[in-house]
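First up is the structure itself, then whatever we jot down about it.
The values are calculated or read from the model by the stated rules, or taken from the named source; none is laboratory data. All values derive from a computational prediction rather than experimental measurement. Here the Cβ positions follow ideal geometry from the backbone for every residue, glycine too, while neighbour counts run over all protein chains shown. To get the accessible areas, we keep the full protein, side chains included, count just its heavy atoms, and leave off ligands, DNA and RNA. Shrake-Rupley method; radii C 1.70, N 1.55, O 1.52, S 1.80 Å.
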Amino acid sequence: MSKLTNSAEWKAISQHYRNSAVNFSMKEAFKSDPERFNKFSLSLNDILFDYSKNLITDETLPLLLGLTQQADLKKKTEAMFSGEIINTTESRAVLHTALRNQSDEPVYVGDEDVMPKVRRELEKMRKFSEFVRSGNWKGYSGKSITDIVNIGIGGSDLGGKMVTTALKPYARPDLNIYFVSNVDQADLIATLEKINPDTTLFIIASKVFNTQETMTNANSAKRWFLQHAPGPSAIKKHFVAISTHRTNVVNFGIDPYNMFEFWNWVGGRFSLWSAVGLSIALYVGMDNFEELLKGAYDADVHFRTTEYDKNIPVIMALLGIWYNNFFEAETHTILPYDNSLSQFGNYLQQGDMESNGKTIDRNGQAVDYHTGPIIWGQPGTNGQHAFYQLIHQGTKLVPCDFLAPAQSHYDLPNHHDILISNYLAQPEAMMKGKTEEEVRADLDADQNKNDVLVASKIFKGNKPSNTFLFRKLTPRTLGSLIALYEHKIFVQGAIWNINSFDQMGVELGKVLAKSILPELSNDQIISGHDSSTNGLINAYKKLR
Ligand code: G6Q
């Protein structure tokens, strides 16, 4: 038995689950306690977090909070913020929080205060983005930049894509942005068809600058560019790099002056706060990028200084553990009622699943409990017409996060109230369900004779959800929301005692693809793998 499952705290929660949670009715709890919403909701600046529609009694949270002590969360949190090597398998500090640190406090990695170089890089991003946005940065034909193409994958793609999609209302309307990540040539080609070489700026974003997909796309983009440009000297006007690896950048042919730096202690999936956010700064301007950083800093301060029973990411994490480990829910869904957050679920899918999809604890022992959930979701109201059926009436428990802004950026009549009425109605329906009595009252006499129909229309309810309501999706609010989720992931990893900051599965993928690639270079029959892989490789060679 692991230390966690053998702990008094874990056993107390198991017992609480067996004794009271299984038969708990949220609907009854709301009826009997008019204070339930006030008791189980919190706020951070413009963000309201309502967690009252969860399967929790007054005893549940105090018991779950025991896990923060069991995990020594306070100490682990300070270890992260103060630059200790908490990513032990890669011997790295984990300091995305330093990238958005707005205080005058130094942040040390070893003996070095990293804040001066963080600020230097931010200053470089400011100068560069203002130069490009003002139209003063000229391409080889003397024209200003109108199109930005970010080539990167995973952590070097998803953050920029999510934030630029979310903050489109803040963008300069005459600036277009594209993200190319997939090595499937269709991705790059679709973008190249839309742009002109003399008005395009390519950002090649890669921490190591030798990731197969990114370098393949970057080389093809460079080749396409050189077919149009007057000569290789034009590259410095149209290609910039974001990386930790100067030599690889120079070898690719990018002027080191056009290189924006970040550091080993910034994990890919936490890198949008670094120079990897250059696409964001270019698209919405550096002031807005800095607002995003400030919002994240607000969440950092909240997480670091607020008592755990009032701490939003801690409560998000504990509720997640409650469902994941005690109710055995396998997934968690993110449902933003804000179309500009269409990429938010994808982004968190990486943030959460790459961080906490682990089976080995920090001591190298196999865990005897479930770790990270499967994260999925789509913006409402679309999902309502697709997969909500399973959430309402399926056999699986799917905890949901609903998110919505009180104010839209746009002003077509009716839309926003209709959107919000759906966002409010769904979690209410999930909580309340529909009883047989209510179903029968809605049916006519004939229909009432049809027992199958009646049974099909009954909703058990008692489906848990969290609801975030914020004033408006500003850069600052978005920054806070992202950082709240980051800290939720951190807290869960700390309690599960896993390293949330390595990603051996991603590394494996990078190696496996490279080992098969040479075998595709000729028509020889392959026999060195299992029969399925051999069969598929040989069939591919015949069909191609
Ligand atoms: C993130 C992962 C992974 C990484 C990509 C791209 O935490 O490590 O998604 O970001 O594999 O890596 P490069 O930026 O090094 O190209």
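Here's the yes/no breakdown for (1) at pLDDT 95 or above; (2) assigned to a loop (DSSP other than H, G, I, E, B); (3) closer than 29 Å to GLY267 by Cβ:
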position: VAL132; (1), (2), (3): yes, no, yes
position: ASN136; (1), (2), (3): yes, yes, no
position: TYR140; (1), (2), (3): yes, yes, no
position: ARG172; (1), (2), (3): no, yes, no
position: VAL183; (1), (2), (3): yes, yes, yes
position: LEU188; (1), (2), (3): yes, no, yes
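From LYS449, LYS460, LYS510, LYS434, grab the single residue that is surrounded by fewer than 19 Cβ atoms within 10 Å (Cβ to Cβ) and touching a strand residue (DSSP E or B) at 6+ places or on another chain (Cβ under 8 Å). Lay out the reasoning, then the answer.
Values: LYS449 fails: touching a strand residue (DSSP E or B) at 6+ places or on another chain (Cβ under 8 Å); LYS460 fails: touching a strand residue (DSSP E or B) at 6+ places or on another chain (Cβ under 8 Å); LYS510 fails: touching a strand residue (DSSP E or B) at 6+ places or on another chain (Cβ under 8 Å).
The unique qualifying residue is LYS434.
Can you name the residue in the range 22-41 that is of a type in the set (Phe, Trp, Tyr) and outside any helix (DSSP H, G or I) and, of all such residues, is surrounded by the fewest Cβ atoms within 10 Å (Cβ to Cβ)?
Residues of the range 22-41 that are of a type in the set (Phe, Trp, Tyr), as a first pass: 24, 30, 37, 40.
This time we only want the ones that are outside any helix (DSSP H, G or I), so: 24, 40.
Details: PHE24: 15, PHE40: 20.
Per the stated criteria, the residue is PHE24.
If we keep just the residues of the range 199-213 that are out of contact with any Gly (no Cβ under 8 Å at 6 or more places or on another chain), under 16 Å from ARG246 (Cβ atoms) and among the hydrophobic types (A, V, I, L, M, F, W, C), which is nearest to the ligand (Cβ to nearest atom)?
Per the criteria, the residue is VAL208.
Among (1) within 30 Å of ALA386 (Cβ to Cβ); (2) buried (at least 24 other Cβ atoms within 10 Å of the Cβ); (3) touching a strand residue (DSSP E or B) at 6+ places or on another chain (Cβ under 6 Å), which single condition is GLY345 missing?
(2)
Please find, among LEU64, LEU55, LEU44, the residue that is open to solvent by less than 40 Å² (accessible area, probe 1.4 Å) and either on the phi > 0 side of the Ramachandran plot or touching a His at 6+ places or on another chain (Cβ under 8 Å) (or both).
Numbers: LEU64 fails: either on the phi > 0 side of the Ramachandran plot or touching a His at 6+ places or on another chain (Cβ under 8 Å) (or both); LEU55 fails: either on the phi > 0 side of the Ramachandran plot or touching a His at 6+ places or on another chain (Cβ under 8 Å) (or both).
None of the other options fit; the residue is LEU44.
Please enumerate the residues belonging to the range 104-143 that are without any contact (Cβ under 8 Å) to a residue 40 or more places away in the chain, open to solvent by less than 30 Å² (accessible area, probe 1.4 Å) and more than 30 Å from ALA234 (Cα to Cα).
VAL107, MET115
For the range 312-426, please list each of the helices (runs of 4 or more DSSP H) lying entirely inside it that holds at least 2 residues being more than 17 Å from the chain's Cα centre (by Cα).
Values: elements: 312-321, 344-356, 388-393.
Per the criteria, 312-321, 388-393.
Would you pick out the residues in the range 32-50 that are over 13 Å from LEU484 (Cβ atoms) and in contact with a Ser or Thr (Cβ under 9 Å, 6 or more places away or on another chain)? Step through it out loud before you land on a result.
From the range 32-50, those over 13 Å from LEU484 (Cβ atoms) are 32-41, 50; that's our starting set.
Once the filter is applied, which keeps residues that are over 13 Å from LEU484 (Cβ atoms) and in contact with a Ser or Thr (Cβ under 9 Å, 6 or more places away or on another chain), the range 32-50 yields ARG36, PHE37, ASN38, LYS39, PHE40, SER41, ASP50.
Please go through the range 217-252 and give me each residue that is more than 9 Å from the ligand (Cβ to nearest atom), open to solvent by less than 60 Å² (accessible area, probe 1.4 Å), β-branched (Val, Ile, Thr) and free of Cβ contacts under 8 Å to residues at least 40 places away in the same chain, ordered by number.
ILE235
Count, please, the residues in the range 103-157 that happen to be within 16 Å of the ligand (Cβ to nearest atom) and touching a Ser or Thr at 6+ places or on another chain (Cβ under 7 Å).
8
Matching residues to (1) among the basic types (Lys, Arg); (2) touching a strand residue (DSSP E or B) at 6+ places or on another chain (Cβ under 6 Å); (3) modelled with pLDDT of 95 or more; (4) under 11 Å from ILE151 (Cα atoms):
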site: SER206; (1), (2), (3), (4): no, yes, yes, yes
site: ASN219; (1), (2), (3), (4): no, no, yes, yes
site: PHE225; (1), (2), (3), (4): no, no, yes, no
site: LYS237; (1), (2), (3), (4): yes, no, yes, no
site: ALA241; (1), (2), (3), (4): no, yes, yes, yes
site: VAL249; (1), (2), (3), (4): no, yes, yes, no
site: ASP255; (1), (2), (3), (4): no, no, no, no
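Select from the range 442-458 the residues that are within 23 Å of LEU390 (Cβ to Cβ) and in a loop (DSSP other than H, G, I, E, B) and list them in ascending order.
LYS457, ILE458
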